[in-house]
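Novice: Would you mind keeping the following structure in view while I ask a few things?
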Amino acid sequence: MTNSTLDPEIERLKELFIEQKAAYKKAPMPSADQRINHLKALKTVTLKYQDRLAAAVNEDFGCRSKDETLLAEILTSVESINMAIKKTRKWMKPSKRGVGVLFAPAKNEVRYQPLGVVGIIVPWNYPIFLALGPLIAALSAGNRAMIKMSEFTPALNAVFKTMIAEVFSENRVCVIEGEAEAAIAFTEQPFDHILFTGSTAVGRF
């Protein structure tokens, strides 16, 4: 097993987590306009890179139809972004709750706030959609995100990382590559929330 203290990818992911956490503390409550702008930027860059993403997936899989990738991953992701853009302001509104008689005429409400830094672990089978879907949710909720891509999709990872870096600073959204050791180190970071898509056995581990 690779010694994590000597693995630059693992050391860098630890640094990125610290950077994202610090950035979150400086600006913990992005406005609706900021969140929507992030989503619009993600949509624009996804459409810009769609052919390169499909070609990379085809390379990783040995042969996968471009049409399948465009329909099952790009289209679904773009439609998810469109919905999030439309719904973000509504999702941010405080939600009223009832108040007991003893506390009348007080008012009670739930105010939805970002959690902080979200970790996203992506599997190999539909890696574009299963990276972008959780990212869309994280950005809509005002969070920052670190995305650990599968080691089984190296061609896609390179394209996806370049795509994300084109519109987001690393202290907002970043992409982590690396083998199993990097995945383990990723899960060891004290994320405020973590999203994992994969097998039950791996999830428990």
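Novice: At a 1.4 Å probe radius, carbon and sulfur cover how many percent of the accessible area of segment 79-205?
Specialist: 58 percent
Novice: How high is the FRET efficiency between LEU75 and ASN108 when r is their beta carbon distance and R₀ equals 35 Å, given to the nearest 0.05? The partial results should precede the final answer.
Specialist: Details: r = 41 Å, r/R0 = 1.18.
Efficiency, from the Cβ-Cβ distance: 0.25.
Novice: With the other protein chains left in place, how much accessible area per residue, in square angstrom, belongs to segment 1-90 at a 1.4 angstrom probe? Mind showing how you got there, number by number?
Specialist: Working: 5210 Å² over 90 residues.
Per-residue accessible area for segment 1-90 comes out at 58 Å².
Novice: Round to the nearest 10 and give me the degree value, 0 to 90, for the angle of helix 76-92's Cα axis relative to the longest principal axis of the chain.
Specialist: Compared with the principal axis, the helix lies near 20 degrees.
Novice: Run the dipole for the chain about the Cα centre, Lys and Arg Cβ at +1, Asp and Glu Cβ at -1, nothing else charged, and hand back the magnitude in debye, nearest 20.
Specialist: In debye, rounded to 20, the chain gives about 1560.
Novice: Given ALA106, MET146, PRO123, which one lies farthest toward the positive end of the charge dipole of the chain, if we put +1 on the Cβ of every Lys and Arg and -1 on the Cβ of every Asp and Glu?
Specialist: Result: ALA106, furthest along the dipole toward the positive end.
Novice: For LYS93, what is the net charge nearby, where nearby means another residue's Cβ is under 12 Å from its Cβ and Lys, Arg count +1, Asp, Glu -1?
Specialist: Spelling it out: positives minus negatives among the neighbours equals +4.
Novice: Round to the nearest 10 and give me the degree value, 0 to 90, for the angle of helix 8-26's Cα axis relative to the longest principal axis of the chain.
Specialist: 20 degrees
Novice: Given q = 0.18 Å⁻¹, what are the Debye log10 I(q)/I(0) values for the chain, with equal point scatterers placed on the Cα positions and solvent ignored?
Specialist: -1.28
Novice: Quick one: angle between helix 154-167 and the longest Cα principal axis of the chain, in degrees between 0 and 90, rounded to 10, please.
Specialist: For 154-167 against the chain, the angle is about 40 degrees.
Novice: Per 0.36 nm of contour for each residue apart, how much would the distance between VAL101 and GLU59 grow if the chain were fully extended, relative to their Cα-Cα spacing?
Specialist: 8.7 nm
Novice: Just grab the label-to-label distance for GLN34 and LYS86, each label 7 Å out from Cα along the Cβ direction, in nm (one decimal).
Specialist: So the label points at GLN34 and LYS86 sit 2.6 nm apart.
The values are calculated or read from the model by the stated rules, or taken from the named source; none is laboratory data. This structure is a prediction, so every number in the text was calculated from the model and none was measured. Don't worry about glycine lacking a Cβ; one is built from the backbone with ideal geometry, like all the others, and counts go over all protein chains shown. With ligands, DNA and RNA removed, areas are computed over all heavy atoms of the protein, side chains included. Shrake-Rupley method; radii C 1.70, N 1.55, O 1.52, S 1.80 Å.
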